[in-house]
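Notes follow once the structure below has been shown.
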């Protein structure tokens, strides 16, 4: 069940993100995707192996669903959100956009917990919220630096 | 949080020396790519290796351990920085020698053997402990990895060229 739900959500997200008009170029979106994937993977290693706060289900479906969400879905949500962020000027709208992306990821994580793909031990959604807010901010900062470099090299 | 090594010995020294040598070599080699492309190749290498190790050596399959224990150590994190230069050298010499067609096939076969040699050396320095993994399983994994690397490199270089041509003034 979890596999069906999350693969459908991922496919919808992939199709939407592919066809929607974008402000950021391919190189920037690739960079954001890779950074989110790298940080998330490191944090999950830390939380699962060292802190033992999250336990991954044993079935193939559980594992596939989990990897699909952190390799495809979450990086896609943050890349789309950072792209949207460039379209709006008002600070309040920007803050709402950041929060909605983070809450969407936290909601999807809670969905994984509800579907028993993940079991939380001394971990709850507020930790997820803080974690994803940090990942978002780090990615935003690194992307800003990378964007300067890309535009400089493309205009050179 | 991140653990220190149980014993600071050969695997830690192997990582430190490999780290210094590979990045020195990147700096010493004449520049071939724009910095954007170089950074993306390195980012890709880091993310790819991290995710692969997370799946194969992490909580779910636990086929092997990296360094002293099955936990996440500082030297696991540092160790992931030594893989990206390998991918960088792979595309660097591919671009330098302008291989085409069957030459690319042989180049990938050759680099997979080099990767096996590096893995064998890292095994001698106790960087990996295999549980349900075999040294020879790594060869098809390297073939796949280098194929993906090649596709990624072709994708980002063509994207860069396309974007650059869009920004050129029309005469």
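Computed from the Cβ-Cβ distance with R0 of 22 Å, the FRET efficiency linking residue A:126 to residue B:4 stands at 0.15.
For residue B:126 and residue A:50, what is the calculated FRET efficiency with R₀ set at 30 Å and r taken between the beta-carbons, to the nearest 0.05?
Values: r = 21 Å, r/R0 = 0.69.
That pair, residue B:126 with residue A:50, gives E of 0.90.
Once you sort the root eigenvalues of the Cα gyration tensor of the range B:1-66 as a ≥ b ≥ c, which label holds: rounded (a/c under 1.5), prolate (a/b larger than b/c) or oblate (the other case)?
Numbers: a/c = 3.11, a/b = 1.45, b/c = 2.15.
Oblate.
From least to most packed, judged by other beta carbons within 10 angstrom and beginning with the fewest, A:45, A:52 follow the order A:52, A:45. The distance from the alpha carbon centre of the range B:116-136 to that of the range A:126-148 is 35 Å, rounded to a whole number. Computed extension gain for residue A:26 through residue A:87, at 0.36 nm per residue and net of the alpha carbon distance, reaches 20.3 nm.
In terms of surrounding Cβ atoms within a 10 Å radius of their Cβ, B:155, A:38, A:67 rank from fewest to most as B:155, A:67, A:38.
At a threshold of 8 angstrom on Cα-Cα distance, excluding pairs fewer than six apart, so keeping six or more, what relative contact order does chain A reach in percent?
On the way: 129 pairs, mean separation 52.5, N = 156.
Once normalised by length, the contact order is 34 percent.
How far, in degrees from 0 to 90, does helix B:10-28 lean away from the longest principal axis of the Cα atoms of chain B, to the nearest 10? Roughly 10 degrees, rounded to the nearest 10. For chain B, a/c is not less than 1.5, where a ≥ b ≥ c are the root eigenvalues of the C-alpha gyration tensor, and a/b tops b/c. That puts it in the prolate class.
In terms of surrounding Cβ atoms within a 10 Å radius of their Cβ, B:72, B:160 rank from fewest to most as B:160, B:72.
Distance from the C-alpha centroid of the range B:25-65 to that of the range A:1-38: 20 Å, rounded to the whole angstrom.
Each stretch of four or more DSSP H residues adds -39500 (n - 2.57); spread over every residue of chain A, this sum gives -25000 deg cm²/dmol at 222 nm.
Does the protein assembly as shown classify as rounded, prolate or oblate by the C-alpha gyration tensor (a ≥ b ≥ c root eigenvalues; a/c under 1.5 gives rounded; else a/b over b/c gives prolate, otherwise oblate)?
Values: a/c = 1.68, a/b = 1.03, b/c = 1.63.
Judged from the Cα gyration tensor, the protein assembly as shown comes out oblate (a/c at least 1.5, b/c at or above a/b).
Helix B:35-57 and the longest principal axis of the Cα set of chain B meet at an angle near 30°.
Helix A:74-85: angle to the longest alpha-carbon principal axis of chain A, degrees 0 to 90, nearest 10? Orientation of helix A:74-85: about 30 degrees from the principal axis.
Rounded to the nearest 0.05, the FRET efficiency derived from the C-beta distance between residue A:142 and residue B:102 at R0 = 41 Å is 0.55.
Bear in mind that the values in this text are calculations on the coordinates, not laboratory data. Keep in mind that what you see is a predicted model, and the values were worked out from it rather than measured. FYI the Cβ positions are ideal-geometry reconstructions off the backbone, even for glycines, and counts take in every protein chain you see.
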